[in-house]
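The values are calculated or read from the model by the stated rules, or taken from the named source; none is laboratory data. None of the values given here were measured: they were computed from a predicted structure. Neighbour counts run over all protein chains shown; Cβ positions are idealised from the backbone, glycine included.
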Amino acid sequence: MISLVTSTFASLIALFFVIGYVTYAFFNRSAGRAEIGSEIELAANRKEYFDDEILEGKRLQKMQLLGVLMLATITIGLPAYWILEPSRQAGATSGKENRFIEWGSNLFAPTAEGGFNCAGCHGGMKGPGGAAPYTITDSKTGEVKSVTWKAPAINTVFYRFDESEVRFILQYGRPFSPMSPWGIEGGGPLNAQQIDTLLAYLKSIQIPREDCIVADAKPLNCEGGHLPVVEQEKVQAAAEKSVADGTYSSIGEALFNLELGSGGFSCARCHTPGWSWGEPGQTGSGAFGWNLTGGATNTHFSTEQEMINFIKAGSKFGAKYGVQGQGSGRMPGFGDLLTAEQIQQIVNYVRNEL
């Protein structure tokens with residue numbers, strides 16, 4: 001709002017000078033004489049000029065008043081404009097962000113609306129998760145068949161990955177999944193600015209980071225913190241229900257296998273073959289992520305706490321983890337999605353039951 005006032009103020013000053021110039025030019029022209037030969041009579045070196053009484057009287061006072069008015073305009077106008085300059089810049093930044101969000105939403109939209117149909121796979125414009133048609137080939141039999149792939153929700157993608165990781169996924173896609181490369185770098189159709197606008201839009205549809213820490217029974221806003229309490233309660237309730245009805249034997253097993261919360265996250269999505277299209281194989285035996293069965297995690301991580309830390313933060317591209325492990329950047333971090341107790345239950349299940 002302040003930036004708009006600043007721009008309006010500057011426009012009025014410019015308009016004032018334009019009107020003044022046009023007025024001066026009009027009267028100056030109308031004061032001239034068009035008759036042939038008038039230039040001889042009115043030439044500057046032939047025209048009788050003001051006498052001393054006028055020059056040192058009314059005309060001098062008029063020029064002095066004009067000078068004071070111009071000085072006042074500069075003295076008041078420039079500081080008033082520049083005092084509001086930071087707000088103008090903030091407004092310009094906000095305007096750019098809003099434009100990027102709008103442009104990104106146009107790219108994200110379904111094909112019928114002129115977009116690239118991100119919404120078609122990810123469950124609509126708010127990205128709560130959806131389904132995508134995909135063709136898979138059985139590595140053992142060579143059988144080719146069409147499946148419906150459970151596309152992950154992206155309204156929590158920045159809870160799991162940082163911006164550079166999301167950018168990489170958009171640019172290069174997810175191999176062996178319906179997520180194709182969209183950036184020019186990966187062979188897709190979108191340039192760098194279009195990727196930027198998509199990132200801006202994805203940020204705008206994230207589940208708000210609010211009411212996510214409870215202190216003295218009062219929810220607090222915590223930018224950069226965990227999933228909101230109400231979402232974490234949904235996750236816990238779903239896990240407890242599946243244990244109560246006998247689907248799973250422990251909370252850790254449920255948390256590992258279920259598609260949980262509004263964010264639709266699951267360990268089994270990457271660590272259980274066939275889970276993504278509803279035909280899960282042996283739990284934890286490896287798909288996008290490595291095989292967790294047979295005590296593999298005890299080999300990968302020398303201590304339980306080391307594994308907990310890895311699950312919380314996820315893998316960072318090129319960074320060391322565990323015993324001679326090097327991150328690919330594909331393992332998301334779950335520290336902002338699950339509570340410490342829930343992560344502990346998953347670790348107990350993976351290390352002791354798989």
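On the given criteria, is G294 over 22 Å from K150 (Cα atoms) and touching a Ser or Thr at 6+ places or on another chain (Cβ under 6 Å)? For G294, the condition - over 22 Å from K150 (Cα atoms) and touching a Ser or Thr at 6+ places or on another chain (Cβ under 6 Å) - is not met. Just one of the listed residues (I101, I76) is surrounded by 12 or more Cβ atoms within 10 Å (Cβ to Cβ), in a helix (DSSP H, G or I) and of a type in the set (V, I, T), and it is I101.
Tallying residues that are more than 16 Å from V157 (Cβ to Cβ) and assigned to a helix (DSSP H, G or I) within the stretch 177-203 yields 6. Identify, by number, the condition in (1) surrounded by 15 or more Cβ atoms within 10 Å (Cβ to Cβ); (2) more than 26 Å from G123 (Cα to Cα) that V323 doesn't meet. So V323 meets the others, but not (1).
For the stretch 104-133, a residue qualifies if it is of a type in the set (S, T, Y) and surrounded by fewer than 13 Cβ atoms within 10 Å (Cβ to Cβ), and exactly one does: T111.
For the stretch 339-354, which positions are touching a helix residue (DSSP H, G or I) at 6+ places or on another chain (Cβ under 7 Å) and in a loop (DSSP other than H, G, I, E, B)? The answer is T339, and nothing else. Of all residues in the stretch 116-151, those that are assigned to a helix (DSSP H, G or I) and either modelled with pLDDT under 90 or hydrophobic (A, V, I, L, M, F, W, C) (or both) total 3. Any idea which of T299, T339 is surrounded by fewer than 20 Cβ atoms within 10 Å (Cβ to Cβ), touching a residue at least 40 places away in the same chain (Cβ under 8 Å) and either of a type in the set (G, A, S) or assigned by TED's automatic domain parsing to the domain that holds A237 (or both)? Only one candidate passes the filter, namely T339. Return a yes/no flag: does the stretch 227-238 have any residue that is modelled with pLDDT of 95 or more and touching a Lys or Arg at 6+ places or on another chain (Cβ under 9 Å). No, there is no match, as no residue in the stretch 227-238 is modelled with pLDDT of 95 or more and touching a Lys or Arg at 6+ places or on another chain (Cβ under 9 Å). Restricting attention to the stretch 136-163, the residues being in contact (Cβ under 8 Å) with a residue 12 or more places away in the chain and not aliphatic (A, V, I, L, M) number 12.
Remark: F256 falls outside the filter, which requires a residue to be within 30 Å of D138 (Cα to Cα) and at pLDDT below 75.
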